[in-house]
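**Q** Sharing a structure with you now.
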Amino acid sequence: MKHMTLNIVRLTIVVLSAFIGWSTAHAATTDIAPAPLANASTAVVKPNLMFILDDSRSMDRDYMPDYADGSYCKDLDSSLRDCAFGDPAYNSSSFNSVYYNPKVTYRPPVLYDGTSMQSYDTASEWGAVPNDGYGIQFSGSTNLVTSVPDIVWCQDSSPPSANRTRGDPNFATNECRQPVNNATGIWEHRSSTYDTRVAVTGSRPPYYYTTSLDPIEWCDARNTSGALLGFGTGVNPPASGVDSCSYKKDGSNPFNSNKFLYPKFGTWTRVDIVPSQPTYARAASRSDCSGAVGPSGCSYAE
């Protein structure tokens with residue numbers, strides 16, 4: 001027994017000695033920089049640059065994040081439908097972060113040498129603004145004064161022309177309705193009566209929607225009746241024993257096992273950008289508006 005124990009000890013010493021010798025032979029001194037490399041010369045820090053282009057299909061999308069075209073828009077019942085252009089959520093930067101945001105100062109695309117491309121910042125140029133500032137992914141142009149896509153919800157697919165022609169006295173009356181009730185701010189349609197999506201004709205100015213909840217909330221329960229059918233309901237921050245909401249989509253309620261799955265938007269306001277309205281709200285982040293920060297600090301042209 002003693003002989004066996006002695007052999008095991010000897011074997012252990014041999015293995016450890018071999019490991020230590022191997023480690024010593026293969027280890028090298030690490031040269032730690034004595035100063036921040038951000039301030040070092042190129043002689044110290046060699047170029048290490050990766051130029052990556054994303055050519056995936058998502059680069060063609062006009063929405064972000066990826067779920068913005070998901071089932072979060074008003075439908076006939078509590079089962080919400082997929083969102084699309086013309087829906088208040090889709091045409092609001094509060095939900096679709098790449099849609100026009102009135103709080104952002106937009107600049108023209110920049111070339112590789114830092115020079116800016118054409119700005120299209122005068123009225124004479126708004127009639128043919130390129131769909132792609134670089135002319136690579138998309139061709140053609142859009143008249144931003146009269147030809148921005150818009151929709152109404154109608155009783156059938158062939159309503160009277162006047163009901164779907166913006167500017168006509170009968171627009172969005174009788175057989176058609178706009179998604180939001182302008183008087184209440186409630187997103188009412190699609191509904192059981194007005195269930196067919198129809199493109200608006202006539203002069204179609206640019207527009208965007210704002211919501212009373214910005215950022216929007218995500219709830220662990222949804223309304224099963226009433227004007228807000230299908231949309232989220234609950235208190236924020238979450239509380240025990242009641243329907244709750246959070247700003248984090250798909251997060252877990254800390255008081256139970258429920259997930260925050262249903263959007264809560266609040267009430268909506270549609271803003272049409274038209275010459276007949278000379279001023280618009282200005283956020284502090286807008287550097288291109290000449291007026292004061294407030295409800296009328298930006299002009300129509302700005």
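**Q** Filter region 263-302 down to residues that are within 13 Å of Lys103 (Cβ to Cβ) and of a type in the set (A, V, I, L, M) and give me whichever is surrounded by the most Cβ atoms within 10 Å (Cβ to Cβ).
**A** Of everything passing the filter in region 263-302, Ala281 is surrounded by the most Cβ atoms within 10 Å (Cβ to Cβ).
Every residue, every condition in (1) assigned to a loop (DSSP other than H, G, I, E, B); (2) free of Cβ contacts under 8 Å to residues at least 40 places away in the same chain; (3) within 30 Å of Ser203 (Cα to Cα), yes or no:
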{"residue": "Trp218", "(1), (2), (3)": "no, no, no"}
{"residue": "Gly226", "(1), (2), (3)": "yes, yes, no"}
{"residue": "Gly230", "(1), (2), (3)": "yes, no, no"}
{"residue": "Lys248", "(1), (2), (3)": "yes, yes, no"}
{"residue": "Pro263", "(1), (2), (3)": "no, no, no"}
{"residue": "Thr269", "(1), (2), (3)": "no, no, yes"}
{"residue": "Ser276", "(1), (2), (3)": "yes, yes, yes"}
{"residue": "Arg286", "(1), (2), (3)": "yes, no, yes"}
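**Q** For region 164-197, name all the residues that are free of Cβ contacts under 8 Å to residues at least 60 places away in the same chain, in contact with a Ser or Thr (Cβ under 7 Å, 6 or more places away or on another chain) and under 20 Å from Val271 (Cα atoms). Lay out the reasoning, then the answer.
**A** Step one: list which residues in region 164-197 are free of Cβ contacts under 8 Å to residues at least 60 places away in the same chain, which gives 164-177, 181, 183, 193-194, 196.
So of that shortlist, the ones also in contact with a Ser or Thr (Cβ under 7 Å, 6 or more places away or on another chain) come out as 164-167, 171, 196.
Within region 164-197, Arg164, Thr165, Arg166, Gly167, Phe171 meet the criteria.
**Q** Which of the residues spanning region 237-246 are in a loop (DSSP other than H, G, I, E, B) and in contact (Cβ under 8 Å) with a residue 24 or more places away in the chain? If you could, list the steps in order and put the result at the bottom.
**A** Keep residues of region 237-246 that are in a loop (DSSP other than H, G, I, E, B), which gives 237-243.
If the condition is that a residue be in a loop (DSSP other than H, G, I, E, B) and in contact (Cβ under 8 Å) with a residue 24 or more places away in the chain, then Asp243 is the only one that fits.
**Q** Considering only residues that are outside any loop (DSSP other than H, G, I, E, B) and more than 21 Å from the chain's Cα centre (by Cα), look in region 140-156 and name the one that is farthest from Tyr99 (Cα to Cα). Break it down into steps so the answer makes sense when it comes.
**A** Pass one, region 140-156, residues outside any loop (DSSP other than H, G, I, E, B): 141-142, 147, 151-154.
Restricting the remaining residues to those that are more than 21 Å from the chain's Cα centre (by Cα) gives 141-142, 147, 152-154.
Working: Ser141: 17, Thr142: 15, Ser147: 16, Val152: 19, Trp153: 22, Cys154: 25 Å.
Of everything passing the filter in region 140-156, Cys154 is farthest from Tyr99 (Cα to Cα).
**Q** For region 219-229, what are the residues that are touching a strand residue (DSSP E or B) at 6+ places or on another chain (Cβ under 6 Å) and either of a type in the set (S, T, N, Q) or crowded, with 21+ Cβ neighbours inside 10 Å (or both)? Before you say what the answer is, go through the steps one by one.
**A** Within region 219-229, the first condition is being touching a strand residue (DSSP E or B) at 6+ places or on another chain (Cβ under 6 Å), and the residues that meet it are 219-220, 222.
Answer for region 219-229, where residues must be touching a strand residue (DSSP E or B) at 6+ places or on another chain (Cβ under 6 Å) and either of a type in the set (S, T, N, Q) or crowded, with 21+ Cβ neighbours inside 10 Å (or both): Cys219, Asp220.
**Q** Would you mind telling me which numbered condition in (1) among the aliphatic types (A, V, I, L, M); (2) closer than 22 Å to Pro275 by Cα; (3) surrounded by fewer than 15 Cβ atoms within 10 Å (Cβ to Cβ) Ala172 fails?
**A** Of (1) among the aliphatic types (A, V, I, L, M); (2) closer than 22 Å to Pro275 by Cα; (3) surrounded by fewer than 15 Cβ atoms within 10 Å (Cβ to Cβ), only one is false for Ala172: (3).
**Q** Asp87 - would you say it is without any contact (Cβ under 8 Å) to a residue 12 or more places away in the chain and either out of contact with any strand residue (DSSP E or B) (no Cβ under 9 Å at 6 or more places or on another chain) or not polar (S, T, N, Q) (or both)? Before the answer, list the steps.
**A** On the way: without any contact (Cβ under 8 Å) to a residue 12 or more places away in the chain: no; either out of contact with any strand residue (DSSP E or B) (no Cβ under 9 Å at 6 or more places or on another chain) or not polar (S, T, N, Q) (or both): yes.
No; evaluated as a whole, the condition is false for this residue.
**Q** Go through region 288-302 and give me each residue that's in a loop (DSSP other than H, G, I, E, B) and either small (Gly, Ala, Ser) or under 30 Å from Ala239 (Cβ atoms) (or both).
**A** Just the residues of region 288-302 that are in a loop (DSSP other than H, G, I, E, B), to begin with: 288-293, 300-302.
Ser290, Gly291, Ala292, Ala301, listed by residue number.
**Q** Determine, yes or no, whether Asp250 is acidic (Asp, Glu) and surrounded by 13 or more Cβ atoms within 10 Å (Cβ to Cβ). Give the steps one after another, and end with the answer.
**A** Values: acidic (Asp, Glu): yes; surrounded by 13 or more Cβ atoms within 10 Å (Cβ to Cβ): no.
No: the conditions fail for Asp250.
**Q** Within region 54-72, is there a residue that is in contact with a Lys or Arg (Cβ under 8 Å, 6 or more places away or on another chain), over 19 Å from Phe231 (Cβ atoms) and either surrounded by fewer than 11 Cβ atoms within 10 Å (Cβ to Cβ) or modelled with pLDDT of 90 or more (or both)?
**A** Within region 54-72, none of the residues are in contact with a Lys or Arg (Cβ under 8 Å, 6 or more places away or on another chain), over 19 Å from Phe231 (Cβ atoms) and either surrounded by fewer than 11 Cβ atoms within 10 Å (Cβ to Cβ) or modelled with pLDDT of 90 or more (or both).
**Q** Test Ala183 against the stated conditions and say whether it is surrounded by fewer than 15 Cβ atoms within 10 Å (Cβ to Cβ) and of a type outside the set (S, T, N, Q).
**A** On the way: surrounded by fewer than 15 Cβ atoms within 10 Å (Cβ to Cβ): yes; of a type outside the set (S, T, N, Q): yes.
Yes; evaluated as a whole, the condition is true for this residue.
**Q** Could you identify the single residue in Ser124, Ser147, Ser119 that is touching a residue at least 24 places away in the same chain (Cβ under 8 Å) and either closer than 15 Å to Asp272 by Cα or out of contact with any strand residue (DSSP E or B) (no Cβ under 7 Å at 6 or more places or on another chain) (or both)? Before you say what the answer is, go through the steps one by one.
**A** Working: Ser124 fails: touching a residue at least 24 places away in the same chain (Cβ under 8 Å); Ser119 fails: touching a residue at least 24 places away in the same chain (Cβ under 8 Å).
Result: Ser147 is the single residue among Ser124, Ser147, Ser119 that is touching a residue at least 24 places away in the same chain (Cβ under 8 Å) and either closer than 15 Å to Asp272 by Cα or out of contact with any strand residue (DSSP E or B) (no Cβ under 7 Å at 6 or more places or on another chain) (or both).
**Q** With the condition kept exactly as written, say whether any residue in region 130-144 is under 18 Å from Asp87 (Cα atoms) and either in contact with a strand residue (DSSP E or B) (Cβ under 9 Å, 6 or more places away or on another chain) or surrounded by 15 or more Cβ atoms within 10 Å (Cβ to Cβ) (or both).
**A** Within region 130-144, not a single residue is under 18 Å from Asp87 (Cα atoms) and either in contact with a strand residue (DSSP E or B) (Cβ under 9 Å, 6 or more places away or on another chain) or surrounded by 15 or more Cβ atoms within 10 Å (Cβ to Cβ) (or both).
**Q** For region 186-206, give me each residue that is farther than 30 Å from Asp250 by Cβ and either under 23 Å from the mean Cα position of the chain (by Cα) or crowded, with 19+ Cβ neighbours inside 10 Å (or both).
**A** Scanning region 186-206 gives Tyr194, Val198, Val200, Arg204, Pro205, Pro206.
The values are calculated or read from the model by the stated rules, or taken from the named source; none is laboratory data. All figures in this text were calculated on a predicted structure; none of them were measured in a lab. Note that each Cβ is placed from the backbone with ideal geometry, even for glycine, and that neighbours are counted across all protein chains shown.
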